[in-house]
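The values are calculated or read from the model by the stated rules, or taken from the named source; none is laboratory data. Values in this document were obtained by computation on a predicted structure and should not be read as measured data. Cβ sites come from the backbone with ideal geometry, for glycine too, and all protein chains shown count toward neighbours. Just so you know, the surface numbers come from the protein's heavy atoms only, side chains and all, with ligands and any DNA or RNA stripped out. Shrake-Rupley method; radii C 1.70, N 1.55, O 1.52, S 1.80 Å.
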Amino acid sequence: YLKTVKASLLNEHYLEDEARLAHLAARIEAGRAPDARIVRDPVRQDPEYWPRLARERRGPAGPDDDKGRSFVPWTDTGRARLDDLHERMEVVKAEAVPGDLVDVGVGRGGVGIFYRAWLDAYDLKDRRVWVVDRFRGAPDELRSARWTSRGVAAFRADLNIVRDGFSRFGLLDDRVKFLVGDMAASVADAAIKSVAVLRIGPEVGQDAGAVLEALYPRVPVGGFVVVDAHENSATRAAVDEFRRSHGLDGPGLRRDHGLLVWRKSPGEPVTRVDEVTPEMNRPRAPLAPPVPVDEIDLTVVVVFHNMAREARRTLHSLSRSYQDGIEDLRYEVVVIDNGSAPDQALTEAEVAAHGPEFRLLVPDVAHPSPVSALNAGIRAGKGRSFALMIDGAHVLTPGVLRWGMAGLATYEPAIVATQQWYVGPGQQGDVMASGYDRAYEDRLFEQIAWPANGYRLFEIGHFIGDRDWLDGLWESNCLFVGRPTLEQVGGFDESFDLPGAGFANLDLYERLATGPDTTVVTILGEGSFHQLHGGDTTNRTDAAERRTKVFDYSQQYAEIRGRAFHGPGKPVHYVGAIRTQPARRTRPRRLSAEAFTAAAEAGGIDGPPQSPSPMPEELGKAFTEAVYGTMPWTSTSWLGRPVMTPPTDLIAYQEIIATVRPDWIVETGSADGGRSLFLASICDLVGHGEVISIDPVEHPDRPHHPRLSYVIGRAHHQNVADEVHGRVGSGSALVLLGSVTDRHTTSEEFDRYSPLVPVGSYVIVTDTVVNGNPVWAGFGPGPAEAVKQILGRNGNFASDPEMEKYHLSFNPAGYLRRVR
């Protein structure tokens, strides 16, 4: 069995496929056709590469990373070193050396998989496997997480890939623990009592010394340390320094240039260091402790920072007097005040007033990011399961606790994500600019007589993001998870240290959800509703600042994980029921929420408005949909020429031109030229600028104007872009992408022409309403999806909602202003 596992980990069964891949890659790089003889039978037809590949796999060095093949086998060590490690493990068993098996710097996880297979082979139930790594998807020298020219040499396995490996071998269970984040800090406070075999991989680097400081005292006499790193590497240098500084003069076996092994002998001077060292305070995702003897069913962990107003509602929504169907549920609410100002800080009496289930926790040190506070709450919790709320401003509907626990039990192992809503008529950051504030929000709560019927929250709420019940999930502010999952892969990663935690909550959701056996569950008819509280991201009124903040968050995620955030991508399972009519609001079936109008009227006077009131998002979209369907825009004209554009978008175009005063306007999709004439006329009125309009077809009746010229060709083709760039030269440009085409072509057009746009000017992506946003659902991924793709990878632009102030726009979220 163990021989078969080794061969599988090294991909020895399928070396021919590796040889085929290498041959095809080399031929593609050289621009030559593949040799069919070698593709059919590389063992006999490739006398040069095949023997080298087989010899390398059997040898001590393992897969040759320089040749870009380390993405195929599950281990980056060769057969010789894997056999050597196996020999040490057999000695440990024969001599009954106590302790767990630890792999630090794990590559694709092959050594850990072999550890776990060895435990199965001998039915050793008293040992665990610890897999320790930052699990970053690219090496440090590639900060942008790009691959090298060979395509795969810079690839590294992240947590998902390593866990998949354990699962493929049928070896993923609660005896395998993953320590994510800084390796020295992770092992320092992990519940590793004794280490029989400690392997340190080649990419641990200078942290190898700190890892040994933390773990070597836990190696019993007879235990082994295996350092699998070249003698000239930073890892070996750190290990050698540790051995010198601790007087470890005993012999170490140097089997080859890349392997150092020694065994702990009696009387060694190394003793455990109990004081906190700087390495122990580095960021990581600490594992939850085992369930205590006085266990209960559920621990809710909720964090507050300067939210005294919002906390009263949130805590009441977690109480027994509010939550339904939890008569037999043994639960607690761990309330954490994370450094609130004195006038906003919660008191023990205020918290305890909500019931005996509530207790207050105040960390000794408050951090701008709440992740450390959340981990403290996890450590303090008694529940077999957790509900984690990173943002204390969220009010729950009455069935969340009941259905969250039902989801965990029904689909075990599972995570249950509560759907997220805003309180208010739309996306809070947008509607704040038109009058939505805390007073308005308080009137909404009064309007529904909350908390008498918690399900009336749907009357005053709006889905966060352009989504509904049946769309995918990327995070949840009330996330249910079983303790065993947090014991295996850890809680929040403390590397996410930006104020507001950045993508920490998204990272936790993805890390928990992507477990191979984990089912993703959500609750129909329940939600968590975000109150207005001046949050670091959600409650910024300036869209550019908000977008920049989110982009900074995504950049930090890429730095930490070595790849972009992509979510678990799993099918979603459901529990619960949609109980009320307002909760049925979805993108294709919008229902007007009368409470928004009533709250607006309650805050004003009879007569002309004194201050703006935010428009309900459903009403704005319904208006756009109605105008699109009745088609008055088809008869809009400018100077007698049809423009085929809503007049509110034309007004926005002229406002931008008058403000930005571009030297050039680059338009794609001339069509019959009506919009081109309008743009040229505005340039004439402001006395500045020229229009270059691009279209693949030369329409015979298109208009002419002294400030208007045409280019015939496809706008996304390089030769057309080169011609336009040559005309614009060093001038400033406003770009209007009006081709109304698919996502890929729209993105290509953006990439071709956005470099012409200076800070403060715009790229306008038109017709983002199609593909169900909210019209023409059958269009397919188009301009709106391109905008999402563009903003996800380009932090220089942000959507400007001010250009949609009349709420009738065929370009929603398409006014992209360059902010840096």
Residues (free of Cβ contacts under 8 Å to residues at least 12 places away in the same chain and either hydrophobic (A, V, I, L, M, F, W, C) or open to solvent by less than 10 Å² (accessible area, probe 1.4 Å) (or both)) located in region 777-820: PHE779
Any chance you could count how many residues in region 213-268 are assigned to a loop (DSSP other than H, G, I, E, B), under 26 Å from THR75 (Cα atoms) and of a type in the set (Val, Ile, Thr)? 1
Answer residue from region 449-466, given it is assigned to a helix (DSSP H, G or I) and among the charged types (D, E, K, R) and is nearest to VAL333 (Cα to Cα) among those: ARG456
Only one of (1) more than 38 Å from the chain's Cα centre (by Cα); (2) outside any helix (DSSP H, G or I); (3) modelled with pLDDT under 85 is not met by ALA54, so which one is it? (2)
Inside region 670-708, the number of residues satisfying the requirement of being assigned to a helix (DSSP H, G or I) and among the basic types (Lys, Arg) is 1
What strands (runs of 3 or more DSSP E), lying completely within region 345-438, carry at least 1 residues that are without any contact (Cβ under 8 Å) to a residue 12 or more places away in the chain and open to solvent by less than 40 Å² (accessible area, probe 1.4 Å)? none
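Yes or no, residue by residue, for (1) touching a residue at least 40 places away in the same chain (Cβ under 8 Å); (2) farther than 27 Å from LYS93 by Cα; (3) open to solvent by 10 Å² or more (accessible area, probe 1.4 Å); (4) touching a Gly at 6+ places or on another chain (Cβ under 8 Å):
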position	(1), (2), (3), (4)
GLN206	no, yes, yes, no
ALA238	no, yes, yes, yes
LEU248	no, no, yes, no
LEU260	no, no, no, yes
Enumeration of residues in region 652-676 that are open to solvent by less than 10 Å² (accessible area, probe 1.4 Å) and charged (D, E, K, R): GLU667
Could you tell me whether region 463-476 includes any residue that is touching a strand residue (DSSP E or B) at 6+ places or on another chain (Cβ under 8 Å), crowded, with 24+ Cβ neighbours inside 10 Å and closer than 18 Å to VAL423 by Cβ? yes
Got a number for residues in region 88-109 being closer than 15 Å to SER194 by Cα, open to solvent by 30 Å² or more (accessible area, probe 1.4 Å) and hydrophobic (A, V, I, L, M, F, W, C)? 1
List the number of the failed condition for ASP649; all other conditions in (1) at pLDDT 95 or above; (2) acidic (Asp, Glu); (3) open to solvent by 20 Å² or more (accessible area, probe 1.4 Å) hold. (3)
Which residues, taken from region 494-520, are within 21 Å of GLY482 (Cα to Cα), touching a Pro at 6+ places or on another chain (Cβ under 9 Å) and open to solvent by 10 Å² or more (accessible area, probe 1.4 Å)? GLU494, THR514, ASP517, THR518, THR519
Output the number of the condition that VAL575 fails; it satisfies all remaining conditions of (1) under 18 Å from the mean Cα position of the chain (by Cα); (2) open to solvent by 10 Å² or more (accessible area, probe 1.4 Å). (1)
Confirm whether GLU487 is touching a residue at least 40 places away in the same chain (Cβ under 8 Å), of a type in the set (D, E, K, R), part of a loop (DSSP other than H, G, I, E, B) and touching a strand residue (DSSP E or B) at 6+ places or on another chain (Cβ under 9 Å). no
Scanning for something part of a loop (DSSP other than H, G, I, E, B) and open to solvent by less than 10 Å² (accessible area, probe 1.4 Å), does region 110-132 turn up at least one residue? no
Within region 709-742, how many residues turn out to be hydrophobic (A, V, I, L, M, F, W, C) and either open to solvent by 20 Å² or more (accessible area, probe 1.4 Å) or in a loop (DSSP other than H, G, I, E, B) (or both)? 3
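I need the full set of residues from region 178-210 which are assigned to a helix (DSSP H, G or I) and touching a Ser or Thr at 6+ places or on another chain (Cβ under 9 Å), in order please.
ALA184, ALA188, GLY205, GLN206, ASP207, ALA208, GLY209, ALA210
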Residue by residue through region 762-820, note down the ones that are closer than 22 Å to GLY426 by Cα, assigned to a loop (DSSP other than H, G, I, E, B) and among the charged types (D, E, K, R). ASP767, ASP800, LYS805
Verdict on TRP469 being in contact (Cβ under 8 Å) with a residue 24 or more places away in the chain, out of contact with any Asp or Glu (no Cβ under 6 Å at 6 or more places or on another chain), of a type outside the set (S, T, N, Q) and in a strand (DSSP E or B): no
Scanning region 311-344 residue by residue, the ones that are open to solvent by 50 Å² or more (accessible area, probe 1.4 Å) and free of Cβ contacts under 8 Å to residues at least 60 places away in the same chain total 9
